[in-house]
Amino acid sequence: MRPAMVPTPAAPASRATQGFAEEIRHFLTQRPRQLPSRYFYDDLGSALFEAICRLPWYPLTRAELRLLVAHAREILDPGVKTIIELGSGSGAKLKALIEGAGNHRGGLDLHLVDVSGSALSQAGRALARLHDVRVVPHRTTYEIGLAQVGLARPAAGRRLALFLGSNLGNFDPPGRDAFLGSVRSSLSPGDALLLGVDLVKPVPDLLLAYDDPIGVTASFNLNLLARINHELAGNFDLRGFAHRAVWNEEHSRIEMHLRSHRRQGVTVRGADLAFVMEPGETIWTESSYKYPPPDIVAMLERCGFGVRAQWIDPIDRFALTLAEAA
Ligand code: AVJ
């Protein structure tokens with residue numbers, strides 16, 4: 001029998017929750033207040049992102065898929081024995097690439113690196129049905145995943161790293177170059193990197209893509225506050241904030257913010273944090289940098305790659321760039 005009034009000790013925070021709490025405290029106390037976009041992708045956030053990819057106003061995913069299918073054989077030549085996808089999401093693109101290239105090969109190791117457990121299991125299910133592939137999930141950040149794949153070095157064959165979906169757009173320029181440098185150092189000369197990046201285009205198109213009229217992107221943004229409320233015992237009033245998308249011309253990036261309607265106090269108990277937001281004050285939750293095609297070539301060359309090909313979707317302005325580790 002359990003005594004009625006034993007005080008229950010607070011459940012010890014897991015290491016992941018502790019890291020989340022520390023980062024949240026750091027970024028929410030910056031000026032302007034910020035939150036790292038990596039935390040969008042809990043189960044609901046990943047599902048909302050999948051929904052965004054189907055919105056008629058967010059053409060990136062469809063444009064990239066068209067390019068992948070059209071150029072699958074050039075991208076995935078038979079010498080490639082290992083594919084590493086950073087931020088694999090649902091696995092649909094990797095599946096389309098492998099199917100598009102044809103099945104005339106002997107064995108492929110697929111390393112999937114993603115922070116979302118639900119995305120990884122979905123991708124695992126989608127890819128396991130392909131002929132002669134081995135799927136290795138890595139539920140972690142890009143950096144740690146790359147290091148783990150480096151340890152599991154295969155005996156033979158070249159490797160192809162995929163960084164698709166314009167995920168590169170979330171990095172600021174110094175972080176971007178550091179990241180491309182670390183991808184380069186985890187590859188050997190002759191290995192390849194396929195980079196999918198969204199291009200600069202008319203501002204009204206960009207604003208629609210990041211502030212859609214049926215509010216899915218707004219929900220995706222607000223869900224970050226809901227996640228903090230659930231996981232870190234926060235008290236954000238979700239109705240006290242509005243989604244905003246802004247084009248920052250100087251930095252060539254779309255920014256997403258959450259704007260406080262009024263003066264309001266916020267506490268996040270699990271992060272030992274209490275602060276006041278002023279009317280109109282925002283929390284900056286994401287940057288998505290947009291590039292002109294030659295800048296993509298230049299950044300790859302600066303980071304130790306030689307560009308083999310660049311394919312551009314002329315309608316939706318999206319680029320796939322295939323580069324070789326020099
Ligand atoms: C997954 C980071 C590429 O920046 O376009 C979609 C995320 N944010 N709508 C992007 C996102 C708002 C997306 N990335």
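The values are calculated or read from the model by the stated rules, or taken from the named source; none is laboratory data. Keep in mind that what you see is a predicted model, and the values were worked out from it rather than measured. Backbone-built Cβ (ideal geometry, glycine too); neighbour counts: all protein chains shown. The protein model used for the area step is the full one, side chains on, heavy atoms only, and it has no ligands, DNA or RNA in it. Shrake-Rupley method; radii C 1.70, N 1.55, O 1.52, S 1.80 Å.
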Original post:
Which of Ser287, Ala245, His138 sits farthest toward the positive end of the charge dipole of the chain, with +1 on the Cβ of Lys and Arg and -1 on the Cβ of Asp and Glu?
Top reply: His138
Original post:
When the Kirkwood hydrodynamic radius is evaluated over all pairs of different C-alpha atoms of region 272-312, what value in angstrom, to one decimal, is obtained?
Top reply: 14.3 Å
Subject >> Dipole axis of the chain (+1 Lys, Arg; -1 Asp, Glu on Cβ), positive-most option in Leu193, Gly165, Tyr39 >> reply: Tyr39
Original post:
Leaving out same-chain residues fewer than 8 places away, which lysines sit with a Cα under 24 Å from that of Lys95?
Top reply: Lys81
Subject >> Relative contact order (percent, whole number), region 160-232, Cα cutoff 8 Å, 6+ residue spacing >> reply: 38 percent
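Find out how many positive minus negative residues lie around Arg15, taking Lys and Arg as positive, Asp and Glu as negative, among other residues whose Cβ is under 13 Å from that of Arg15.
Values: positive: none; negative: Glu22, Glu23.
Net charge in that neighbourhood comes out at -2.
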**OP:** Can you tell me the equivalent ellipsoid semi-axes for the chain? Use √(5λ) from the Cα gyration tensor, largest first, whole Å.
**Re:** 36, 25, 18
**OP:** Taking the Cα centre of region 86-216 as origin, sum charge times position over the Cβ atoms of Lys and Arg (+1) and Asp and Glu (-1), and report the length of that vector in debye to the nearest 20.
**Re:** 600 debye
Original post:
Taking 0.36 nm per intervening residue step and subtracting the Cα-Cα distance, what contour gain separates Ala126 from Lys201 on full extension?
Top reply: 23.7 nm
Original post:
When only Cα pairs under 8 Å and 6 or more residues apart are kept, what is the percent relative contact order across region 207-248?
Top reply: 47 percent
**OP:** Report, to the nearest whole %, how much of the accessible area of the chain belongs to carbon and sulfur atoms, 1.4 Å probe, protein only.
**Re:** 56 percent
Subject >> Gyration tensor (alpha-carbon) shape descriptor, region 76-154, a/c threshold 1.5 >> reply: oblate
Subject >> region 249-326: radius of gyration over Cα atoms, expressed as a fraction of 2.2 N^0.38 Å >> reply: 1.75
**OP:** Any chance you could run the full-extension gain for His230 through Arg259? It's 0.36 nm times the residue separation minus the Cα-Cα distance, nm to one decimal.
**Re:** 8.4 nm
**OP:** Please get the size of the charge dipole for the chain, origin at its Cα centre, with Cβ charges of +1 on Lys and Arg and -1 on Asp and Glu, quoted in debye to the nearest 20.
**Re:** 640 debye
Subject >> Relative contact order (percent, whole number), the chain, Cα cutoff 8 Å, 6+ residue spacing >> reply: 20 percent
Original post:
Relative to the first principal axis of the alpha-carbon coordinates of the chain, what is the inclination of helix 15-28, with its axis defined by its Cα atoms, in degrees from 0 to 90 and to the nearest 10?
Top reply: 70 degrees
**OP:** Compute the accessible area per residue over the chain, keeping the other protein chains in place, probe 1.4 Å, unit Å².
**Re:** 46 Å²
Original post:
If r is the Cβ-Cβ distance from Asn248 to Ala298 and R0 is 22 Å, what FRET efficiency results, to the nearest 0.05?
Top reply: 0.60
Original post:
Length gain on complete extension for the stretch Ser185 to Asp272, per 0.36 nm per residue less the alpha carbon to alpha carbon distance?
Top reply: 27.5 nm
Original post:
Between the helical axis of 293-302 and the dominant principal axis of the chain, each derived from Cα atoms, what acute angle in degrees is found, rounded to the nearest 10?
Top reply: 80 degrees
Subject >> Summed side-chain charge close to Arg227 - residues other than Arg227 whose Cβ falls under 13 Å, Lys, Arg +1, Asp, Glu -1 >> reply: -3
Original post:
Can you give the angle from 0 to 90° between the axis of helix 142-151 and the longest principal axis of the chain, with both taken from C-alpha atoms, to the nearest 10?
Top reply: 50 degrees
Subject >> Shape category assigned to region 177-326 from the gyration tensor of Cα positions, a/c cut at 1.5 >> reply: prolate
**OP:** Using a Förster distance of 30 angstrom, determine the FRET efficiency expected from the C-beta separation of Gln148 and His26, and round it to 0.05.
**Re:** 0.70
